[in-house]
Amino acid sequence: MSPLNGKKIVLGVTGSIAAYKAADLVSLLRKNGAEVRVAMTREAARFITPLTLQTLSRNPVALDPWEAPRDWEPEHVALADFADLLLVAPATAHIIACFAQGLAPDLLTSTYLATAAPAIIAPAMNCKMLTHPATQANLATLKARGNTIVEPAEGPLACGYDGRGRLAALDEILAQAAARLA
Ligand SMILES: Cc1cc2nc3c(=O)[nH]c(=O)nc-3n(C[C@H](O)[C@H](O)[C@H](O)COP(=O)(O)O)c2cc1C
């Protein structure tokens, strides 16, 4: 049986061109028996609709912290408490910087700070954004803090460059999630 079976996963989706891959990731997580709740940033919703992720995850999608919560509990605290694992895929340079610096301007960043669950972060971005010393320093901070970073893959990038920055293969992300939960 998959180590993901019966586990509660909060999938953070951010404003990367790779956000469409989150749809397949939700399906794979569910196929492995996980319960998935998606928290997406406003920018992520420009790339993939909340409706798609809501339908595939079979759970409401959390996006706006100012919306009336379904319960008395603020949504970021409810998500933080729900999670056995916080998986952020794809993770933008921006969200990685927020996490590293403890900034909490939105629902996903607030959830990151509020949860005691382990975090797995799968970056996806332009190769120069990835190798920028600021991004590398932020990733090093997150690693030092015990977060798992799923290294991006090399290849042709949507921005036209060829290099490292593609979201890691979904199988690889799944394997890291399973390892973290085993
Ligand atoms: C077409 C397009 C594609 C983008 N792809 C990425 C990406 O893959 N990775 C990234 O870090 N930023 C990317 N960005 C920039 C982010 O969307 C931007 O930094 C945004 O503020 C991120 O917000 P979020 O981290 O709150 O989701 C892209 C922007 C555009 C317009």
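Would you please name the residue that is surrounded by the fewest Cβ atoms within 10 Å (Cβ to Cβ), looking only at residues in the stretch 24-43 that are within 16 Å of the ligand (Cβ to nearest atom) and of a type in the set (A, V, I, L, M)? If we take residues in the stretch 24-43 being within 16 Å of the ligand (Cβ to nearest atom) and of a type in the set (A, V, I, L, M), then L25 is surrounded by the fewest Cβ atoms within 10 Å (Cβ to Cβ). Is it the case, given these coordinates, that A178 is assigned to a helix (DSSP H, G or I) and touching a residue at least 40 places away in the same chain (Cβ under 8 Å)? Yes, satisfied. Considering the stretch 1-23, and only residues there that are within 14 Å of the ligand (Cβ to nearest atom) and in a loop (DSSP other than H, G, I, E, B), the residue that is nearest to the chain's Cα centre (by Cα) turns out to be T14.
What helices (runs of 4 or more DSSP H) lie completely within the stretch 64-130 and have 3 or more residues being away from the ligand (no atom under 11 Å from the Cβ) and modelled with pLDDT of 95 or more?
75-82, 107-114
Remark: pairs (first residue in the stretch 107-135, farther than 26 Å from A62 by Cα; second residue among the aliphatic types (A, V, I, L, M) and outside any helix (DSSP H, G or I); Cβ separation under 7 Å; 6+ apart in sequence or on different chains) = N126/L157; C127/L157.
Given the structure, is I96 in contact (Cβ under 8 Å) with a residue 40 or more places away in the chain, crowded, with 18+ Cβ neighbours inside 10 Å and within 20 Å of V150 (Cβ to Cβ)? The answer is yes for I96.
The values are calculated or read from the model by the stated rules, or taken from the named source; none is laboratory data. Keep in mind the model is a prediction, meaning the values are calculated, not measured. Backbone-built Cβ (ideal geometry, glycine too); neighbour counts: all protein chains shown.
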